[in-house]
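Let me begin by presenting the structure, written as structure tokens, before commenting on it.
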């Protein structure tokens, strides 16, 4: 059975690549700022959702800490820029490092214990970091909210028009897709799947489970924080309640789950399908009915996890047929 | 590292308790390099507990375990694997959603072997046990006996393998696969000098395979020796073989 | 200064007993059914809302309406098991988390949709009464709430240790396989355990509503609180949950008093980290860590 696994080129699937190219062209089809705004948000959240998917989907460790990573990235970037004039590009990177620090704390504390401890610690962490920053910003003279001055310029990660933001987030999305794809070509793929299948057997087969989890969690945290930093520069205003919001995190988690966890395409599909709906919904129904959106998310979560745990991707897989899928799946886990 | 005369595995006065239950009660025994040792005893005598203690899955409450003179009882299971101790599980644990070939590659990859060499060695070993036709099947598609065989031969992928702990390798396994397993153990022992510690209820296999046998009962070692010596030991007859 | 501290200490002690009851509800369910329920706090929130609405429309005092809410929540527990929990019993932990998180969302935003985000509280002539114990002033919500919660905890312990059904529940929690061989109908025990857990939630909600007003997102705080208490006390250990609740209430009080009420969730995380690093089995727990 020639499966063309022996060349890197042979492992690149045409449909995903074409879809990504199509998404890349999307910003140039239509130039209405609102359209580009929705596109920017879609790319950004597909990016963050993909980062979340790395630890929670591929790693099998359901993380609720990403609100903390997102917020830490946002504040690092914002404060370094506003108070110290450091270019947000560097701020994004440093924010990413901040995310890694938080991830390491959680990892060292909980990776050797049952999974339940990890999940709980991530929830507690998000709330804790939220509390910490709220406390801090209450002491500061500028108050709870932080406004970022609008000085357009590439080094300030600030632009007069919408298009540059869209392009940047698209590049982010490409980066996370590439990272996940590369990871799947390495032995880490084997380790992750072994851990997911049977962690005890994996460790007895010599897999350094602790190190693998730390690595994946750190990468996930880094890119989520970068996403947060970008969000801060995009919004030009952040405050603890909104940036550390668990509700915001749940949104991109739902995107990944509905789209299909442990797949590269899942988070993207989930975001592309759900995010524009959310935006239109919010604009249409308005503030009073905002809870309705989350109410629906709750129902979606329960239905998906009970009926179609693999999300939309599982639906696509079953259309393609099990056997053809297994051969593809064991290659690049798409 | 281990001179002649010094044991490869030295279990010294090991105690393990779970709540109020003493699963291992001052268990001591030694296994010499190149031996095939049988570990037998009635159910709940502590055999699996000993395997779990040596492989690092459980931590001991008292005593010590030495491998090649080095203390290993505080090491993590993956570190223990890297120094050459592999194990199988009584209820086979393979990676069910990975293919047979991928299952095989995990131990090699975790030791830093390249994908190419790992794949090659895996194919060789699979041919050796006649599983190579199922190479690309997901492990969950295999029969019970094949899964046990996969589990066993996966351990052989460890290129530093010196001690192999097997927990009931023949349980529920078809006769022909049993023969393959016996052949694999003999070959690895005679040609590669791998030492084995085998837990089993299958007396015929134990008799044919094992040089020495250690008998456990209620967490204690009650007898040790060759099959003949152990079979005629009144303590053993009372608790396990006869009465 | 000492008097202020003493006042806060006693107040937190009473609140702690109510927290303990909340956590015990979680512990019973988790200990028996072994499912991570991330919607636990939302059920407390629901109980508080229910008690409020019964008070609003039927005029029944919260400490009396438990005779309505307890059976109702017991039945709700059975429905929850039938509808959701039964289907995720064997599922991987992520699935349990996601499913119960979904339930939490449905309850939280359902509450926001139907009842708006207004804060609701219960004020009766009884709740206005004050008691004096030396330098300490106690209001009846704290006193009555703690008394109610304490009574239920005592009742629960008597039930678990002195009745056949209670012992059966403990048997299933300790060793499911053994319980099955002893002839215990594990399936039925699951229903009963979940029902009991939610009944505890109902009472804790009733005890809580005169003290704290309820709003849709309150549940999230309680979920985290209960899990931290259960980890602190020891997983599946009811005495541990009792102790944990009291300790956590004190920690909460200290942090709010010495620093800021905002930092209480940060304190929860610190407590969690410390316990998990130093003594993962919890203060009173004794379960083996590895599988």
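The numbers here are math on the coordinates, done by the rules we state, and not lab data. Note that the structure is a prediction, hence the values are computed from the model and not measured. As a convention, Cβ positions derive from the backbone with ideal geometry for all residues, glycine included, and neighbour counts pool all protein chains shown.
Provide the descending list of Cα extents for segment C:2-217 along its principal axes, expressed in whole angstroms.
That works out to 56, 42, 34 Å along the principal axes.
What nm value, rounded to one decimal, do you get for the distance between residue A:211 and residue B:187 when each label is placed 7 Å out toward the C-beta?
Reported label-point gap for residue A:211 and residue B:187 is 3.1 nm.
So how tilted is helix C:62-80 from the main axis of chain C? Cα-based, degrees 0 to 90, rounded to 10.
30
What do the square roots of 5 times the Cα gyration tensor eigenvalues come to for segment A:1-129, in whole Å, largest first, as semi-axes of the equivalent ellipsoid?
Numbers: eigenvalues 186, 136, 39 Å².
For segment A:1-129, the semi-axes come out at 30, 26, 14 Å.
Need one value for C:108-118: mean number of C-beta atoms belonging to other chains within 10 Å of its residues' C-beta atoms.
Details: counts 5, 11, 6, 2, 7, 7, 2, 0, 2, 1, 0.
Across C:108-118, the average partner-chain Cβ count within 10 Å equals 4.
What are the semi-axes of the equivalent ellipsoid for segment C:1-86, taken as the square roots of 5 times the Cα gyration tensor eigenvalues, largest first, in whole Å? Show your work: numbers first, answer last.
Working: eigenvalues 161, 85, 17 Å².
With the √(5λ) rule applied to segment C:1-86, the semi-axes are 28, 21, 9 Å.
Take A:295, A:255 and order them by how many other Cβ atoms sit within 10 Å, fewest up front. Write out the running numbers ahead of the final one.
Details: A:295 21, A:255 30.
So the residues, fewest neighbours to most, are A:295, A:255.
Does the protein assembly as shown come out rounded, prolate or oblate, given a ≥ b ≥ c as the square roots of the eigenvalues of its C-alpha gyration tensor, rounded meaning a/c under 1.5 and, failing that, prolate meaning a/b above b/c?
Oblate is the answer for the protein assembly as shown, as a/c is 1.5 or above yet b/c matches or exceeds a/b.
Rounded to the nearest 0.05, what FRET efficiency do residue C:163 and residue C:186 have when you use their Cβ-Cβ distance and R0 = 25 Å?
Numbers: r = 17 Å, r/R0 = 0.70.
It comes out at approximately 0.90.
For segment C:201-247, what ratio Rg/Rh do Cα atoms give with a Kirkwood hydrodynamic radius?
Details: Rg = 11.5 Å, Rh = 11.4 Å.
In segment C:201-247, Rg relative to Rh is 1.01.
Helix C:264-278 sits at what angle to the longest principal axis of chain C, using alpha carbons and giving 0 to 90 degrees rounded to 10?
40
Whole-Å semi-axes of segment B:129-209's equivalent ellipsoid, largest first, each the root of 5 times a Cα gyration tensor eigenvalue? Mind showing how you got there, number by number?
Values: eigenvalues 80, 54, 23 Å².
Its equivalent ellipsoid spans semi-axes of 20, 16, 11 Å.
What translational diffusion coefficient, in µm²/s and rounded to a whole number, does the Stokes-Einstein relation yield for chain A at 4 °C and a viscosity of 1.567 mPa s, taking the hydrodynamic radius as the Kirkwood radius over Cα pairs? If you can, show how the numbers build up before the last one.
On the way: Rh = 20.6 Å.
Rounded, D is 63 µm²/s.
What average count of beta carbons from other chains do you get within 10 Å of the Cβ of residues in A:152-164?
Values: counts 0, 0, 0, 0, 0, 0, 0, 0, 0, 0, 0, 0, 0.
That average works out to 0.
How far is helix A:322-332 tilted off the main Cα axis of chain A, in degrees rounded to 10, range 0 to 90?
On a 0 to 90 degree scale, this one is about 60.
So what is the 222 nm mean residue ellipticity for chain C from helices alone, if each DSSP H run of at least 4 adds -39500 (n - 2.57) and you divide by all residues, rounding to the nearest 500 deg cm²/dmol?
Details: 12 runs with 212 residues, N = 291.
For chain C, the value works out to -24500 deg cm²/dmol.
Given a Förster radius of 45 Å and the C-beta distance between residue A:86 and residue C:174 as r, what FRET efficiency does 1/(1 + (r/R0)^6) yield to the nearest 0.05? Before the final figure, lay out each step's value.
Details: r = 57 Å, r/R0 = 1.27.
Once rounded, the FRET efficiency stands at 0.20.
How far apart, in nm, are the 7 Å Cα→Cβ label points at residue C:89 and residue A:138?
With each label placed 7 Å out from Cα toward Cβ, I get 4.6 nm.
Quick one: grab Rg to one decimal and Dmax as a whole number for segment C:116-269, Cα atoms only, in Å.
18.3, 57
Averaged over peptide B:76-87, how many Cβ atoms belonging to another chain are found within 10 Å of each residue's Cβ? Kindly include the intermediate steps, with their values, before the conclusion.
Details: counts 5, 10, 11, 3, 3, 6, 2, 1, 0, 2, 3, 3.
Mean shielding by partner chains, rounded to a whole number: 4.
Report, please, the projected area of segment B:91-243 averaged over directions, based on the convex hull of its C-alpha atoms, in nm². Display every interim value, and only then the final one.
On the way: hull surface 39.1 nm².
Dividing the Cα hull surface by four gives the mean projection, 9.8 nm².
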